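Where a number appears in this text, it was derived from the coordinates with a stated rule and is not lab data. Predicted model only: the values in this text are computed from it and were never measured. Positions of Cβ are backbone-derived with ideal geometry, glycine not excepted, and every protein chain shown enters the neighbour counts.
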Amino acid sequence: MSSRRKSRLKRAGKNELAPADIVDGLSKEELLATHLDWQPDRLEALKGLLDAKEPWPEHWHWDWSKKAGLLDFMAYRCIGIECEGRMQGLMMASTLARSSRVGPTGRAVLYVEYIESAPWNLKDLVDEPKFSGVGIALLEAAIELSEEEGFGGRIALHSLPQSEAFYRKYMTDMGPDQSHEGLCYFEMSAEQARLFLEGGK
Amino acid sequence: MKVMRMSDELFLKRAAEEDGCMISAVGLQPLHAKKAESGQQLGEPIRFAFSTLISYRRRALRMTMEDVAQKAKVELDELLEIEENLSYVPEVRTVHRLADLLKLPIPQLLVLSGNAKAATAELTEAAVRFAARSRAVEKLNPEQSNALNEFVKVLVEQKGKETVKK
Amino acid sequence: MAIETTKRTMTLNLTDAEMQVLETLSSQKDLSKTAVIRQALRLYQLVDHRLASGEKLFFEDEAKRQKELMMI
């Protein structure tokens with residue numbers, strides 16, 4: 001059973017917050033239900049991408065029933081952010097620690113296996129996105145989970161190319177990782193996590 | 001356990017900067033479960049059809065494996081695996097790049113490569129027929145050319161039907 | 001998967017050698033000893049599941065082009 005805690009998102013185009021819930025410990029069924037909910041809007045967005053001859057994100061046609069099976073293991077945790085009755089973003093993290101590559105190296109790091117915003121929040125896919133701050137809220141949740149696991153707030157992920165600029169603002173860009181098809185690997189140290197939450201450079 | 005939260009003011013500022021940009025991150029490797037199993041579940045004729053399709057198409061376009069590897073920006077050894085190892089399931093990204101270079105429809109190629117579930121019985125049947133008509137030879141003879149062209153025609157028709165449905 | 005909000009305590013009896021390993025790992029990874037044990041549990045669950053389904057576990061040294069089967 002998942003647990004909830006209060007969070008918020010920003011209404012796109014307005015300087016106001018919308019109350020949201022971080023839903024921690026989503027089940028396989030909830031993960032699959034979210035992808036089903038997002039699929040029609042993705043397909044709609046796909047038409048636009050096909051016309052523009054843009055590649056669409058590969059994970060849109062993953063077999064999510066297999067990926068969701070990872071939630072049978074303690075090592076994997078799925079967290080979502082819900083607002084106005086719908087999941088606005090999803091994240092899956094591995095609490096089986098990776099080793100930090102940013103100094104000091106070898107420290108336990110929470111690895112974010114997957115993170116994504118709902119298609120209707122993305123300006124590349126829709127003319128009027130609904131909410132902003134999904135990435136910020138989920139990074140915040142990842143740092144909290146990292147702290148909870150004793151990893152000091154350290155997190156890491158491999159970014160899709162379109163998302164690199166976002167992560168570069170808050171994390172260390174370690175460059176293309178050939179063991180992950182050349183996707184850029186990003187790490188956030190404990191100090192960077194503190195700065196992310198408190199502000200400042 | 002202390003609750004980590006940024007102030008609402010800072011959140012608003014950061015969210016405004018996020019401004020609807022993509023935030024997708026994907027740890028591909030750990031989530032690729034059991035590649036060999038996927039290939040086996042697919043069925044040899046289908047996978048053979050994929051290998052043969054890539055190989056024939058490459059040859060029809062008069063490209064060596066090195067040419068394809070260079071132009072599609074894929075590893076040469078992965079291309080070798082695709083054309084010669086029936087239990088190898090290529091990365092989705094690789095299938096995209098090959099589809100782009102060889103001008104083949106992506107969704108159907110993903111099915112044939114074992115990365116997506118089979119869409120229709122018609123596609124499966126066409127793949128099996130193509131596999132049955134194909135042989136591992138040095139040159140593409142007229143019969144193989146015909147088999148290739150007919151199969152590609154089915155793939156494109158399939159794609160057209162799926163687009164109409166949407 | 002249920003998220004545990006309550007925790008239960010158990011006493012762990014370890015040999016000196018085992019405690020030494022636990023303390024070394026704890027120091028190297030900058031993790032509490034409890035966190036190290038939890039990591040071990042997670043890894044064991046994952047590995048055990050895949051071995052039970054018939055897979056094998058290997059270590060690979062790409063530089064030396066060597067693969068070694070882990071007999072578990």
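Let's test the formula: R0 of 45 Å, r as the Cβ-Cβ distance of A:Glu44 and B:Arg5. What FRET efficiency results, to the nearest 0.05?
Calculated value: 0.85.
With θ set to phi - 60° and the Karplus curve 6.51 cos²θ - 1.76 cosθ + 1.60, what are the ³J(HN,Hα) couplings of the range B:83-94 in order, to the nearest whole Hz, using x for Gly and Pro?
7, 10, 10, 5, 9, 7, 9, x, 5, 4, 4, 5
Over all residues in A:4-11, what is the mean tally of Cβ atoms on other chains that come within 10 Å of each residue's Cβ? Don't skip to the end; give the middle numbers.
Details: counts 0, 2, 2, 2, 5, 2, 9, 1.
Across the residues of A:4-11, the mean count of other-chain Cβ atoms within 10 Å is 3.
Hey, could you get me the Stokes-Einstein D for the protein assembly as shown, Kirkwood radius over alpha-carbon pairs, 37 °C and 0.692 mPa s, rounded to whole µm² s⁻¹?
My calculation gives 138 µm²/s for D.
Take A:Glu148, project a point 7 Å from its Cα along the Cβ direction, then tell me which residues of the range A:125-142 have their backbone nitrogen under 17 Å from it.
The answer is A:137-142, whose backbone nitrogens lie closer than 17 Å to the label point.
If the chain between A:Arg168 and A:Arg11 were fully stretched, how many nm would it gain, using 0.36 nm times the residue separation less the Cα-Cα distance?
Full extension from A:Arg168 to A:Arg11 adds 54.2 nm.
As I understand it, the value is the acute angle between the Cα axis of helix C:33-52 and the longest principal axis of the Cα atoms of chain C; what does it come to in degrees, rounded to 10?
Relative to chain C, helix C:33-52 is tipped by roughly 40 degrees.
What is the average number of partner chain Cβ atoms found within 10 Å of a Cβ in A:88-100?
Taking all residues of A:88-100 together, the mean is 3.
What list of ³J(HN,Hα) values in whole Hz, one per residue of the range C:58-72 in order, does the Karplus curve 6.51 cos²θ - 1.76 cosθ + 1.60 (θ = phi - 60°) give from phi, with Gly and Pro shown as x?
Once rounded to whole Hz, the list reads 10, 9, 10, 10, 5, 5, 8, 6, 10, 10, 10, 6, 8, 8, 10.
If each DSSP helix of 4+ residues adds -39,500 (n - 2.57) and the sum is divided by the residues in the protein assembly as shown, what number results at 222 nm, nearest 500 deg cm²/dmol?
Values: 17 runs with 205 residues, N = 439.
Using -39500 (n - 2.57) per qualifying helix, the result is -14500 deg cm²/dmol.
Short version: ³J(HN,Hα) in whole Hz for each residue of the range A:160-168, in order, from phi by Karplus 6.51 cos²θ - 1.76 cosθ + 1.60 (θ = phi - 60°), x for Gly and Pro, what are they?
Karplus values, whole Hz, x for Gly and Pro: 5, x, 5, 9, 4, 4, 5, 6, 5.
Cα centroid distance between the range B:85-100 and the range A:131-201, in Å?
29
Could you rank the peptides C:13-23, A:20-30, B:5-15 by their average count of other C-beta atoms within 10 Å per residue, with the highest value first?
A:20-30, B:5-15, C:13-23
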